[in-house]
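Here is the structure we will look at, set down as structure tokens.
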């Protein structure tokens with residue numbers, strides 16, 4: 001297992017701008033970027049924040065290799081600039097929520113501070129990692145929400161977007177999946193690996209009964225029989241029952257059967273009845289085939305006795321939304337706030353070094369509004385709708401917690417949480433603090449953000465300065 | 001740059017089945033799998049076959065590391081099986097079209113022959129690679145088709161599905177893109193890297209004019225100015241013109257300006273007029289912002305004077321289809337044909353070791369039907385619709401070429417074509433042989449497959465054997 005990206009995992013323009021910064025010395029200027037997203041995927045009410053530990057890992061080890069430097073030399077970059085890049089280390093400071101937290105549009109998720117060159121060069125890496133892992137963790141959380149206590153296993157590797165599979169399996173577990181078929185990701189991240197059996201196994205032996213016997217002999221503790229190669233109810237399930245009873249005689253237990261085609265609700269009910277009649281109440285039923293949150297919800301509403309769902313394509317590619325639209329914007333440089341203007345007011349950025357205060361109800365659940373203020377301001381006494389200034393809200397007396405915490409200082413990760421189990425538990429805990437109206441699939445309630453007087457004044461002044 | 005997957009880049013069940021094969025000696029049984037897909041993505045009329053060179057590369061170098069073996073030991077695999085895996089090498093033989101060819105549903109694309117264990121273990125790797133790269137190459141080909149001779153550049157890295165970006169950029173170029181912003185992929189695959197400038201660059205200097213000057217000084221031969229940070233027509237374009245004229249005095253030429261928001265057609269026309277009036281006819285106009293094949297087509301239909309399109313999310317994630325549904329099915333084992341039965345006749349597999357004959361019109365263009373026969377049969381004299389046996393077609397007198405050629409023999413790649421330029425040219429050449437009715441976006445003509453009498457007889461006999 002050997003998987004290491006380098007400094008060239010970026011857009012060419014980052015390196016081009018870096019050369020310009022280096023040329024006039026502004027590469028050393030202090031600068032702050034915010035990572036945030038604008039649009040919720042899946043018409044969902046929230047996003048599960050994932051990918052942070054990978055980002056910190058990659059930033060700590062980020063280097064330009066000699067091979068990279070030679071390559072960039074041939075691309076026309078200046079020799080002095082490349083010599084500097086040869087010794088490049090990311091020494092920036094990052095504030096972020098804990099990985100697994102629940103996040104919402106418009107509020108900063110990462111605040112990245114450092115020299116202009118270093119914070120610019122890592123933009124693409126940060127976006128690529130957080131956008132994708134947060135997308136998949138969110139998709140997984142939607143499926144978990146309707147799956148009750150069923151086992152959810154990621155079966156997506158074969159349909160994943162190439163090597164995207166590696167971090168997608170990680171994110172799926174953070175969002176609520178129990179396991180993955182992807183051995184590489186399981187090994188890399190300490191995920192639970194699970195698997196069943198393919199049609200080819202049955203086809204090889206030709207005889208389904210013999211194939212089940214062979215598999216049970218090879219995997220006595222971990223056998224799942226695929227029962228739809230020829231005919232699920234007339235061949236697959238009866239043969240599975242026969243071999244399960246043989247296993248019982250050896251003191252073994254068949255773990256599960258798997259349905260992979262046909263009407264899963266009907267077949268699961270019939271198969272369950274057949275298994276139970278044979279005294280195999282402990283044999284579980286797994287189902288797969290084009291599952292997503294809507295199919296899983298429907299199967300559970302029909303009381304289909306399915307214990308394990310194997311979800312592939314729709315999970316691993318975040319179907320139907322292939323990307324979270326996260327962006328990374330300069331909000332301060334050389335100690336001065338910066339803004340990006342746009343004809344679309346929604347796209348005007350919020351300047352300044354900011355903190356996000358998550359307001360809390362008295363029972364500890366999320367209030368429904370995140371309050372943004374300048375870091376120097378502390379918790380604001382009242383907040384203003386960023387786009388409709390007549391809408392304000394008092395914050396005094398409302399509990400809150402700061403969302404952005406120090407996770408990297410001068411290039412070194414702080415208070416790292418690499419255990420996927422801990423991140424997954426945190427996601428589950430934070431999701432439980434989000435009221436149900438934000439979690440429904442159909443027109444979920446909109447979680448709001450408000451900005452402090454300090455941010456508003458800063459933004460209005462910069463807007464005036466850049467007005468045409 | 002260091003990017004190496006290992007034998008664990010697979011589904012757990014492949015390794016589990018492998019242990020069962022190993023236990024009874026069937027791991028050495030000769031077997032043949034077909035890779036093929038069933039459903040065209042994007043309602044398109046064809047797929048561009050991509051990913052082959054990467055597959056061959058990975059198969060040649062595929063190993064289980066000591067770390068992998070230790071990990072698998074902890075997962076409960078047997079020690080003797082793992083000792084065998086420690087020395088695992090893929091020694092199989094593969095037939096495939098040349099990478100870049102145009103392929104269609106139902107016909108085999110890869111024929112993979114070897115021992116049961118080796119061809120089973122690599123299933124996931126083959127599916128993961130070919131499904132994704134073919135999806136993206138196809139998306140790219142759609143965009144190229146409507147982009148005329150405009151430059152197309154992949155800007156997708158930040159919104160890509162994690163490390164999927166690496167091979168996606170490769171596939172985009174095969175499908176017809178000219179370049180990528182992804183430096184890592186460009187370095188790895190020898191793609192052309194291109195880039196412009198971000199809003200943060202303008203924001204850092206605060207003054208747009210100064211920012212353009214700084215960039216021109218740093219990149220005198222390769223400057224593209226982003227003109228929409230404050231106001232495109234009132235600030236961005238006039239400032240770009242001013243700096244372009246200054247560059248002329250130094251004997252330099254501004255390469256392009258980039259539009260990234262607003263009405264791209266309107267802004268391009270106004271910007272073009274302003275540039276031309278200033279004698280800057282040579283300065284090109286680049287455009288980006290949520291482009292896809294439909295927006296590019298619309299912009300060209302409006303005669304928007306855009307020379308360079310930067311396409312991001314919709315290209316790199318294959319929006320709206322996140323995956324090609326390619327599968328890998330056992331068609332022969334131990335010298336005997338194998339079948340997978342299904343209640344859905346479309347999902348019954350075609351058994352046997354097969355060849356695909358691409359029928360050709362007299363002018364050399366594609367006939368509209370691929371003829372499948374058993375490898376031993378040669379070109380069939382007539383073919384039969386696989387699902388409606390009363391529909392037959394004479395092939396006698398029709399020119400044809402065998403599509404599946406030897407690309408790997410006993411684990412060694414043969415006649416390798418690694419040059420992306422060659423693969424890209426081949427794709428373009430093969431697409432030019434596909435009649436236009438198969439290339440339109442709206443209800444494209446259906447490219448058909450027919451099967452030989454030999455395949456039909458074999459399938460019918462196996463179906464009868466497994467009937468219930």
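Nearest 5 is fine: what % of DSSP beta bridges in chain A come out antiparallel, could you say?
In chain A, approximately 65 percent of DSSP beta bridges are antiparallel ones.
So if we plug the beta-carbon distance of residue B:401 and residue A:401 into 1/(1 + (r/R0)^6) with R0 = 60 Å, what FRET efficiency do we get, rounded to 0.05? Write down the numbers at each step before the final one.
Values: r = 68 Å, r/R0 = 1.13.
Efficiency, from the Cβ-Cβ distance: 0.35.
Using a/c under 1.5 as the rounded threshold, could you call the range B:89-136 rounded, prolate or oblate? The axes a ≥ b ≥ c are square roots of the C-alpha gyration tensor eigenvalues, and prolate needs a/b larger than b/c, oblate otherwise.
Prolate, since a/c reaches 1.5 and a/b exceeds b/c.
From the Cα gyration tensor of the range B:358-448, with a ≥ b ≥ c the square roots of its eigenvalues, which class applies: rounded if a/c is under 1.5, or else prolate if a/b is larger than b/c, or else oblate?
Details: a/c = 2.10, a/b = 1.23, b/c = 1.72.
Cα axes put the range B:358-448 in the oblate bin.
Below 8 Å, C-alpha to C-alpha, sequence gap of six or more: please give me the relative contact order for chain A in percent.
Computed value for chain A: 21 percent relative contact order.
So for B:42, A:37, B:90, A:468, fewest C-beta neighbours within 10 Å to most, what's the order?
Going from least to most buried by this count: A:468, B:42, A:37, B:90.
Subtract the Cα-Cα distance of residue B:60 and residue B:89 from 0.36 nm times their separation in residues, and report this length gain in nm to one decimal.
Fully extending the segment from residue B:60 to residue B:89 adds 9.7 nm.
Using alpha carbons only, how many degrees (0 to 90, rounded to 10) separate the axis of helix B:237-249 from the longest principal axis of chain B?
With both axes taken from Cα atoms, the answer is about 80 degrees.
Work out the FRET efficiency for residue A:442 and residue A:149 from their Cβ-Cβ distance, taking R0 = 25 Å, and round it to the nearest 0.05.
The value I calculate is 0.60.
Under 8 Å for C-alpha pairs, at least 6 residues apart: give me the relative contact order for the range A:137-316, rounded to a whole percent.
26 percent
Once both labels are modelled 7 Å past Cα along the beta-carbon direction, what's the residue A:365-residue A:78 spacing in nm?
Placing both labels 7 Å along Cα→Cβ, they lie 5.9 nm apart.
When the C-alpha atoms of the protein assembly as shown are aligned to their principal axes, what extent does each axis show, in angstrom, from largest down?
Its Cα atoms span 81, 72, 47 Å along the three principal axes.
Once the Cα atoms of helix A:420-432 and of chain A are each reduced to a long axis, what angle between those two axes, in degrees from 0 to 90 to the nearest 10, is obtained?
80 degrees
Running Debye on the range B:206-269 with equal point scatterers at the Cα sites and no solvent, what base-10 log of I(q)/I(0) appears at q = 0.22, 0.24, 0.28 Å⁻¹?
Results for the range B:206-269 at q = 0.22, 0.24, 0.28 Å⁻¹ read -0.84, -0.97, -1.22.
Roughly speaking, what is the centre-to-centre gap between the range B:205-263 and the range B:317-358 when only Cα atoms are used, to the nearest Å?
Result: 54 Å between the Cα centres.
The range A:1-64 to the range B:6-78: how many Å between their Cα centroids?
Comparing the Cα centres of the range A:1-64 and the range B:6-78, I get a distance of 33 Å.
Divide, for the range B:280-421, the radius of gyration over alpha carbons by 2.2 N^0.38 Å, where N is the residue count.
Dividing the Cα radius of gyration by 2.2 N^0.38 Å gives 1.55.
Measuring from label point to label point, each 7 Å out along Cα→Cβ, what is the residue A:300 to residue B:210 span in nm?
Using points 7 Å along Cα→Cβ, the separation is 5.7 nm.
Where both residues lie in the protein assembly as shown, what percent of DSSP beta bridges are antiparallel, nearest 5?
If I count the DSSP bridges inside the protein assembly as shown, around 65 percent turn out antiparallel.
Classify the range B:331-384 as rounded, prolate or oblate, taking a ≥ b ≥ c as the square roots of the eigenvalues of its Cα gyration tensor: rounded when a/c is under 1.5, otherwise prolate if a/b is larger than b/c and oblate if not.
Judged from the Cα gyration tensor, the range B:331-384 comes out oblate (a/c at least 1.5, b/c at or above a/b).
Between helix B:164-175 and chain B, what is the angle of the helix's C-alpha long axis to the longest principal axis, kept within 0 to 90° and rounded to the nearest 10?
Helix B:164-175 sits at roughly 90 degrees to that axis.
State, to one decimal in nm and shortest first, how far the label point of residue A:289 sits from each corresponding label point in the other identical copies (label point: 7 angstrom along Cα-to-Cβ).
4.6
I'd like the distance separating the alpha-carbon centroids of the range A:424-468 and the range A:368-401, in whole Å.
10 Å
Once the principal axes of the Cα atoms of the range A:242-306 are found, what is the range along each, listed largest first in whole angstroms?
Per principal axis, max minus min of the Cα coordinates gives 40, 19, 16 Å.
I need the calculated FRET efficiency for the pair residue B:250 and residue B:453, taking r as the beta carbon distance and R₀ as 56 Å, to the nearest 0.05.
Calculated value: 0.15.
Based on the alpha carbons, how large is the Rg to Rh ratio for the range B:183-241 when Rh follows Kirkwood?
1.07
Only bridges with both residues in the range A:137-316 count here: give the DSSP antiparallel percent, nearest 5.
Restricted to the range A:137-316, the bridges split so that about 0 percent are antiparallel.
Give me the Kirkwood hydrodynamic radius of the range B:114-250, using the inverse of the mean 1/r over all pairs of distinct Cα atoms, in Å to one decimal.
Details: mean 1/r = 0.0570 Å⁻¹.
Mean inverse Cα-Cα distance, inverted, gives 17.5 Å.
Can you show me the helix-derived [θ] at 222 nm for chain B, built from DSSP H runs with n ≥ 4 at -39,500 (n - 2.57) apiece and divided by the number of residues, rounded to the nearest 500.
The helix-only estimate for chain B comes to -11000 deg cm²/dmol at 222 nm.
Using only alpha carbons, build the gyration tensor for chain B and give me the equivalent ellipsoid semi-axes, biggest first, whole Å. Walk me through the numbers on the way to the answer.
On the way: eigenvalues 463, 156, 54 Å².
One finds semi-axes of 48, 28, 16 Å for chain B.
Coordinate-derived values only; no laboratory data. This is a predicted model, so every value here is computed, not measured. Cβ atoms come from the backbone with ideal geometry, glycine included; neighbour counts cover every protein chain shown.
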